[in-house]
Structure formats: structure tokens, C-alpha cells
């Protein structure tokens, strides 16, 4: 293995791919400037489809694994793995095998079964957005946001979305992008 280039910012990853022509990109979920490695992976896979992408993170946030799969990344690892395991993941990814954890280390109980919209709403609440801002960002009506929050509270047993947001952040289920 040989490092052909580096960048600290996922926003520069495509340019680096075109300049250095790597076989594989190892990228963090969030890089300098709070840039999304997962968003960068989408662009890399679209414009450089032969480049393998391995996403890594030290934050066990509940949406990262699914987002990475949807982005088309080839493998996903948590940073708490050994160097040998990371190298084995890189080698197996290059051999055409995808490596993904079975779930996040702090995965929500399956009985909660949040929808993507509900997770997006909880994330935005964790980012201190109010219902009006959430509705605007998710292209929903405020009434739909209110109904979804009610459903979240019914599923969790909490009496306040803010209390659930604090719980979700404290357990690492949601990592707010503030």
C-alpha cells in the first residue's frame, strides 16, 4: 500500500481523487470545516466509480451506517478497531468485498423503529431547531412535524421532544452538527 495524496477536507476529496488517481479513499464521516465525508463519497462514486471508498468514524451515531450504505461506499469502520483490522478491511475492500458493522455500538432498540423522517426531526431538534425551522428544512408542514414529534414521543415514552433529544445526544445516538 502507498499513500498517493491527502486532504483534511472532504470538500476537496474529488479534486484529490482526480489529481492523485487513488485506488481507495479512506475518509472520516466529518472532516475539517465540518464537511461530510459521506456526501463526498456520493460525488466520488458518481464521478470516479472505480475508486473504492472506506468511511470511518469514532462517533457511533445511528444514521452514519445507513447513510454510508446509501452513498454507495464500499466499506465502513469504527475508529476503535486495530491497525491490523483496518489494513484487513482495506485489503478486502480492494478485493471487492464490503465490510460493514452489524450495527452501531449504541444502536437504538429495534422496538423504536424510527423512520428516516423521524430521525431527521430528532437530529434537527438536537441542533436547536424549532418546529418552523424543521418544517422548512424538511419541506414539511408544521402540522406534519408536530404529528411526527407526537409519534416519536409515543414510541419513546418521553413527554418532551427536548428531553428525548438530550437523551439521544447523551447516549451518542445523535451527534448534532452545530
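When the test is whether a residue is modelled with pLDDT of 85 or more and assigned to a loop (DSSP other than H, G, I, E, B), residue 129 passes it.
All conditions in (1) under 27 Å from residue 115 (Cα atoms); (2) surrounded by fewer than 16 Cβ atoms within 10 Å (Cβ to Cβ) hold for residue 71, with the sole exception of (2). Contact map, the range 154-168: residues that are within 17 Å of residue 131 (Cα to Cα) paired with residues that are part of a helix (DSSP H, G or I), Cβ distance under 6 Å, separation 6+ or inter-chain. Pairs shown: 161/125; 161/149; 164/156; 165/125; 165/126.
List the number of the failed condition for residue 8; all other conditions in (1) surrounded by 21 or more Cβ atoms within 10 Å (Cβ to Cβ); (2) touching a helix residue (DSSP H, G or I) at 6+ places or on another chain (Cβ under 9 Å) hold. For residue 8, the failing item is (1).
The values are calculated or read from the model by the stated rules, or taken from the named source; none is laboratory data. This is a predicted model, so every value here is computed, not measured. With ideal geometry, Cβ positions are generated from the backbone for all residues, glycine too; neighbour counts draw on all protein chains shown.
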